[in-house]
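To keep things clear, I will list the structure first and then write my remarks on it.
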Ligand code: EPU
């Protein structure tokens, strides 16, 4: 298992480019299953989760060509199986995104039921209930979700989600794109990734209106065609690098981003003292304000509010702000694993239930810490960048799932960060 070794205390300075959004590329790759024709996706980030998603498509029988590193040309003409096995789903929950398109196009799908993960129980009951409303039969067989459209094709329906769900909304959008008649999704997720997926499906000949608002209307069509689409920039990677500039007292120009996708994050960071200038529609200039940082509270909520995927990074930043900041997590029940690791680095954080209180400003010190999930890993990297001394972060495979080349990107703007690869024999000896 690889580790990161970070020597903190360097102010970051320079220019960083943002990669394509992981959480948009994942559903867009799944959507290629909706058509027998070739769908070309550009700006697919080169991260572990996308490699896994590509493998899933290939296992199902799709052909995936990569004429360039970040371009995927997918032809899902000869789909031979309709199953996402446990081995894949256990490494990546987003494999459940295969359910909607397989059910829509072939009338059947089998996907291993994902279990809980480090951040919560994360059921998919709302996806399954919506498939039933579209006319599918859904059963659980030996740990697998087995879904069928009895008449071969789903039928449009009115679906009201009890809770806002991002991949649930995406799955229903894909399932109903080929259904007979009209589907309306109420209480839909409004994340930019939903809009991006709708844009791709519409380029394929789909008829989706209202994506990005809580009510989405989908007029089902008989078949979808090929298309070409560029994935939006990753708003969470953007937010992470804004915090990197601020926490190190540096100055970063962040290019190829989409500031309008992270307005709640930008506003909160400005409020706490980070200077963020929008140079143009796709570039930001970030530095820590002369007066330093002041503690501000956040509550995570679905888009357009403060995203849960930036909570851990924000908590790291608040260790450097004067005062007490209250961080409330309302999306996932167990998303404070990074807090205990930050405490090992001398942060003063107490938490109970879904609320953490960060007492700043503290001088962080390097330590051996362990990453527990993707965003928790990012939070530890940020803390290590401003800590005195050396930090070794274990289990960085979590960060490889969603941050493209983070070591190279941070190293190029002055961070002292390196990856230590452990040979299997050393790992066995130390475990
Ligand atoms: N929920 C249910 N039942 C369902 C679906 C969701 O109870 O059927 C609950 C969840 O347990 C959670 C809440 O609803 O408490 C919201 O979950 P949601 O379904 O929106 O999450 P997701 O679709 O599984 C996506 C992102 C996550 C991100 C969340 C919230 C992808 C592939 N994943 O997950 O990204 O945190 O939305 O914005 O898009 C990450 O990138 O690090 C990550 C975890």
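The values are calculated or read from the model by the stated rules, or taken from the named source; none is laboratory data. Please read all numbers here as calculations on a predicted model, not as lab measurements. Methodologically, a virtual Cβ is constructed for each residue, glycine included, from the backbone with ideal geometry; neighbour enumeration extends over all protein chains shown.
Some notes on this structure:
- Complete set of residues in region 276-310 that are part of a strand (DSSP E or B) and either out of contact with any strand residue (DSSP E or B) (no Cβ under 9 Å at 6 or more places or on another chain) or within 19 Å of residue 260 (Cβ to Cβ) (or both): 276, 277, 278, 279, 280, 283, 284, 285, 286
- Hey, residue 195 in contact with a helix residue (DSSP H, G or I) (Cβ under 7 Å, 6 or more places away or on another chain), more than 20 Å from residue 38 (Cα to Cα) and not in a loop (DSSP other than H, G, I, E, B) or not: no
- Among residues of region 47-69, those that are farther than 22 Å from residue 233 by Cβ, touching a residue at least 12 places away in the same chain (Cβ under 8 Å) and in contact with a helix residue (DSSP H, G or I) (Cβ under 8 Å, 6 or more places away or on another chain), counted: 6
- When 169, 121 are checked against the criterion of being within 11 Å of the ligand (Cβ to nearest atom), closer than 30 Å to residue 340 by Cα and touching a residue at least 24 places away in the same chain (Cβ under 8 Å), a single residue qualifies: 121.
- Residue list for region 203-236, filter: out of contact with any helix residue (DSSP H, G or I) (no Cβ under 8 Å at 6 or more places or on another chain) and either assigned to a loop (DSSP other than H, G, I, E, B) or surrounded by 24 or more Cβ atoms within 10 Å (Cβ to Cβ) (or both): 205, 210, 214, 215, 222, 223, 225, 226
- The residues on offer are 111, 138, and the sole one that is within 23 Å of the chain's Cα centre (by Cα), without any contact (Cβ under 8 Å) to a residue 40 or more places away in the chain, assigned to a strand (DSSP E or B) and within 14 Å of the ligand (Cβ to nearest atom) is 111.
- Selection status of residue 149, away from the ligand (no atom under 12 Å from the Cβ) and under 25 Å from residue 48 (Cα atoms): no
- Failed item, numbered, when residue 240 is tested on (1) touching a residue at least 60 places away in the same chain (Cβ under 8 Å); (2) touching a strand residue (DSSP E or B) at 6+ places or on another chain (Cβ under 8 Å); (3) surrounded by 17 or more Cβ atoms within 10 Å (Cβ to Cβ): (2)
- All positions within region 30-47 that are surrounded by fewer than 20 Cβ atoms within 10 Å (Cβ to Cβ) and either outside any loop (DSSP other than H, G, I, E, B) or modelled with pLDDT under 95 (or both): 38, 40, 42
- Criterion violated by residue 163 - all others in (1) in a strand (DSSP E or B); (2) surrounded by fewer than 17 Cβ atoms within 10 Å (Cβ to Cβ) satisfied: (1)
- Selected residue (criterion: nearest to the ligand (Cβ to nearest atom)) from residues of region 347-370 that are within 22 Å of residue 297 (Cβ to Cβ) and in a loop (DSSP other than H, G, I, E, B): 354
- Residue, surrounded by the most Cβ atoms within 10 Å (Cβ to Cβ), within region 371-403, restricted to residues that are under 24 Å from residue 51 (Cα atoms) and away from the ligand (no atom under 16 Å from the Cβ): 393
- Residues located in region 326-346, provided they are out of contact with any helix residue (DSSP H, G or I) (no Cβ under 7 Å at 6 or more places or on another chain), within 16 Å of the ligand (Cβ to nearest atom) and without any contact (Cβ under 8 Å) to a residue 40 or more places away in the chain: 328, 330, 336
- Identity of the residue in region 293-312, free of Cβ contacts under 8 Å to residues at least 40 places away in the same chain and away from the ligand (no atom under 11 Å from the Cβ), that ends up farthest from residue 250 (Cα to Cα): 299
- Residue match in region 311-322 (condition: at pLDDT below 95, touching a strand residue (DSSP E or B) at 6+ places or on another chain (Cβ under 9 Å) and closer than 30 Å to residue 215 by Cα): no
- Filter result for residue 367 (without any contact (Cβ under 8 Å) to a residue 60 or more places away in the chain and under 21 Å from residue 273 (Cα atoms)): no
- Residue check for residue 13: touching a residue at least 60 places away in the same chain (Cβ under 8 Å), farther than 22 Å from residue 177 by Cβ and surrounded by fewer than 17 Cβ atoms within 10 Å (Cβ to Cβ): yes
- Qualifying positions in region 172-208 - within 8 Å of the ligand (Cβ to nearest atom) and closer than 16 Å to residue 25 by Cα: 191, 193
- Those residues of region 77-99 which are closer than 22 Å to residue 65 by Cβ, within 13 Å of the ligand (Cβ to nearest atom) and assigned to a helix (DSSP H, G or I), in sequence order: 94, 95, 97, 98
- Condition met for residue 56 (within 14 Å of the ligand (Cβ to nearest atom), outside any loop (DSSP other than H, G, I, E, B) and under 26 Å from residue 221 (Cβ atoms)): yes
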